[in-house]
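The next block holds one structure in the form of structure tokens; read it before the comments.
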Amino acid sequence: MQLQAEREAVAAAPISALSAQMADVRAVMEQDEQTKAMMEALRGSNINDDDAALSGTKLKVVEMSVGEGDDTLPLTYEPERLAAYFSKRPLAVLTRIAQVSSTSFSWLLGVLFDTATGKLKPNSEAEVEQVAKLRSVIVSLGPFFIKLGQALSIRPDILSPKAMVELQQLCDKVPSFDTQLAMTTITDELGRSPDEVFSYISPAPVAAASLGQVYKARIRGTEEEVAVKVQRPFVLETVSLDLHLARQLGRLLRATPLSSRLDICELIDEFAPNFYQELDYNLECANGERVRADMKRLPQVIIPKNYAALTTRRVHVAEWVDGEKLSQSTADNVGELVNLGVIVYLTQLLDTGFFHADPHPGNMLRSPDGKLVILDFGLMTTITDNQKYGMIEAIAHLIHRDYARIGDDFVNLEFIPEGVDTSPIVPALARVFDAALAGGGAKSINFQELAADLADITFKFPFRIPPYFALVIRAISVLEGIALKGNPQFAIVDEAYPYISKRLLTDESPRLRAALRYMVYGKTNSFDVDRMIDMLQALEKFVAVKDNGDGTAFKVNGVRGFVDLGSAGSMVGTRQVPPAEVASDESFDIGNLADAADGRRLTEQALSAAEASRAREALQFFFSSEGDLFRAFLLDEVVAAADALSREAAYELASTLSLESLPAPPLIKQLVPALSPPLSTKDQQVVTSIRKLVAFFLGDTQPQQLLSRAASAETLQQIQALLPVIADNRVQMRRFGLQIVGRLAEKQTSRALGFLRTQVAAI
């Protein structure tokens with residue numbers, strides 16, 4: 001019973017409290033060397049972000065023709081066609097095998113020796129040393145091996161934490177290829193010489209990577225500055241051959257014990273389609289324009305314009321954007337841009353479903369005017385509706401510590417195959433999360449028991465991290481890693497919760513409506529006004545970050561700048577709404593407010609910006625068209641509160657006037673209590689909750705101030721700050737009021753009919 005009470009207390013706490021607990025847990029967990037390595041690996045703390053290639057690096061490719069007619073190299077990943085294509089080119093196959101063998105021979109000998117002597121074990125020094133040597137081998141062998149290494153470096157279900165950290169130091173920067181070859185490629189692809197297309201193009205590349213290199217140029221005629229990316233010769237051919245050989249190797253290894261831990265064919269089949277996307281610059285161009293359209297709602301985010309008319313499969317032209325890497329910037333708004341980056345990735349993850357799958361620190365810049373720039377859309381992944389909704393549902397279940405449903409979420413999110421009974425996993429999940437979020441704090445955690453429970457979950461069940469989720473973890477972790485460098489108190493939960501709240505409060509899909517109800521009502525089906533206010537505060541933060549790139553220092557229940565966010569139920573608002581100019585007279589007639597609310601006497605002066613007064617952004621949202629779903633969601637609670645208040649008022653009136661003593665027919669005397677039954681405990685709770693919610697909506701304005709015929713100038717300013725909200729949304733307010741009146745009438749009609757049925761039955 002005590003454990004259940006602790007769980008319910010945690011579930012009822014605001015998200016900021018949960019965030020603080022998780023931060024405490026993280027700090028203590030990082031005292032364990034292996035856990036710290038895992039968290040650093042997930043954050044990409046060791047990702048090599050160098051701008052130049054390692055000295056002595058030489059990229060090895062296979063030079064061959066793509067073929068012609070029916071015998072051409074496929075431009076998408078088709079394993080059977082690749083096998084047929086390379087079966088006719090044994091010389092190219094042997095050449096590549098010789099390149100790979102000669103480059104990796106000494107490394108393979110070292111691995112075999114360490115294995116034979118028993119040194120090569122997970123997280124051992126020998127493993128770290130061999131992975132470090134492997135990096136130079138990988139870079140020399142080209143794009144396939146580099147991309148495969150980078151993909152493995154974010155897979156904790158395949159590599160040990162230390163191996164992940166070491167592999168993340170892979171550098172994608174390689175020596176540039178000859179510029180004359182690049183100019184020839186531009187001519188072949190565009191059908192015009194570079195001089196015809198560009199009035200200027202840099203004589204040498206400004207950056208070079210394994211797939212291609214970039215030149216700075218100006219478009220002839222418009223003089224727009226652009227980045228021209230040219231694909232490296234023979235990359236498609238070499239990558240295709242490597243994929244074919246790796247898959248053939250995987251088929252041979254399926255008969256060995258290694259396949260129980262890693263199915264190479266399955267890994268290649270997951271990895272290869274995205275790789276081919278990166279090799280088609282037409283797709284990158286289309287991806288960039290789609291993301292640019294999706295992000296127009298975020299004014300502080302810059303997505304470079306793409307020039308489709310100048311882009312082909314091997315040449316990509318995009319707007320040149322100056323900036324410094326976010327991971328290397330020392331500007332004072334880096335934290336704000338990280339918060340904005342969280343919204344960008346969550347918008348892609350949970351809204352558009354079109355997710356930037358290459359979350360590298362080098363792909364995020366800070367522009368000279370302080371905006372967030374996101375680059376390189378060659379690698380994208382699609383998130384299905386089931387995955388989007390499943391992640392939000394899992395968050396709601398975690399907040400309420402509903403472990404049975406979390407077990408189902410693992411199946412829904414593809415961590416565990418369908419058909420597996422997850423009920424045995426629930427006790428282990430409960431122990432893990434109860435230990436991590438225990439009331440005694442993180443220092444009370446027994447890490448040996450926690451590790452045993454985690455092992456129980458991961459090894460006793462067919463548990464795997466789905467590829468899409470590995471990319472999600474990487475994206476969010478990279479953002480967290482950047483933020484933690486400048487702000488050790490950064491909490492990803494605080495920054496993600498505003499967006500999640502916004503989705504729950506506005507999305508009309510049946511699954512998210514059910515998730516919203518669960519979030520607010522929980523397992524007990526009891527309205528939790530503090531949770532609702534917590535979500536509305538988070539919504540206000542989302543608006544601040546989305547519109548202004550702001551919000552870096554304030555959390556839910558925190559302070560940002562001069563704006564106090566308050567706590568659940570606080571009378572303090574978050575957004576500063578410009579109030580009306582006020583007259584010198586310090587009295588105020590409530591009749592003027594009524595006229596203004598009707599929109600008839602609201603003047604331009606009433607909308608002018610004088611001194612800042614606070615009114616809730618949430619109030620604006622509640623009565624806006626975007627708040628339709630939320631109003632419908634709250635209607636039952638508001639009607640229940642209004643009904644309870646009206647019954648309470650009727651009872652008090654009857655008591656004050658001593659109506660019981662007045663002469664009246666018995667039927668009438670019985671009708672009055674039937675229509676106004678005494679308030680139950682639940683009725684009183686509903687009234688308290690709605691009063692708390694109203695107080696939150698009004699911000700600094702006390703509810704009783706709205707009923708006063710005489711108020712101070714300060715109160716008048718506070719009331720007038722509400723006038724724009726009332727005027728802008730009077731149609732929705734009137735409609736909502738009519739809905740309440742209609743539902744109240746239904747309740748009274750139902751009571752009256754019930755009373756009449758009782759009387760008739762008694763005759």
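Every number in this text was worked out from the coordinates using simple rules, so none of it is lab data. All values derive from a computational prediction rather than experimental measurement. Cβ sites come from the backbone with ideal geometry, for glycine too, and all protein chains shown count toward neighbours.
Tabulated data for the structure shown
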read-out	value
Footprinting exposure proxy for Ser104, Ser193 (fewest neighbouring C-beta atoms within 10 Å first)	Ser193, Ser104
Arg220 long-range amide H proximity, modeled H, under 5 Å	Phe198, Ser199
Farthest toward positive dipole pole in the range 199-256 [+1 Lys/Arg, -1 Asp/Glu at C-beta], among Phe234, Thr222, Val206	Phe234
Too-long pairs where the Cα-Cα distance tops 25 Å, listed order kept, from Lys119/Lys162; Lys88/Lys173; Lys502/Lys692	Lys88/Lys173
Residue order, fewest to most beta carbons within 10 Å, for Leu73, Leu479	Leu73, Leu479
Vicinal HN-Hα couplings computed from phi for the range 281-286 (Karplus, 6.51 cos²θ - 1.76 cosθ + 1.60; Hz; Gly/Pro x)	5, 4, 5, 4, 4, 5
Gyration tensor verdict on the range 67-172 (Cα atoms; rounded if a/c is under 1.5, prolate if a/b is larger than b/c, oblate otherwise)	prolate
³J(HN,Hα), Karplus 6.51/-1.76/1.60, whole Hz, each residue of the range 188-194, x for Gly, Pro	5, 7, 8, x, 9, 6, x
Per-residue ³J(HN,Hα) for the range 325-342, Karplus 6.51 cos²θ - 1.76 cosθ + 1.60, θ = phi - 60°, Hz, x for Gly and Pro	4, 4, 5, 10, 6, 10, 5, 6, 10, 4, x, 4, 5, 5, 4, 5, x, 4
Charge dipole magnitude, Cβ of K and R +1, D and E -1 - the range 282-403, Cα centre, debye nearest 20	240
For Ile302, distant residues with modelled amide H under 5 Å away	Leu372, Val373, Ile374
Global geometry of the range 134-293, whether rounded, prolate or oblate, following the gyration tensor of its Cα atoms and the 1.5 cut on a/c	prolate
The range 243-315 shape via C-alpha gyration tensor axes, a/c threshold 1.5	oblate
For Leu134, Leu629, order by how many other beta-carbon atoms lie within 10 Å, fewest first	Leu629, Leu134
Positive-end residue, the range 70-226 charge dipole about Cα centroid, Cβ charges, pick of Phe145, Pro74, Leu109	Leu109
Total charge dipole magnitude, the range 67-172, about the Cα centre, Cβ charges on Lys, Arg, Asp, Glu only, Debye to nearest 20	220
Total formal charge among the other residues, if their Cβ is under 13 angstrom from that of Val411, Lys/Arg +1 and Asp/Glu -1	-4
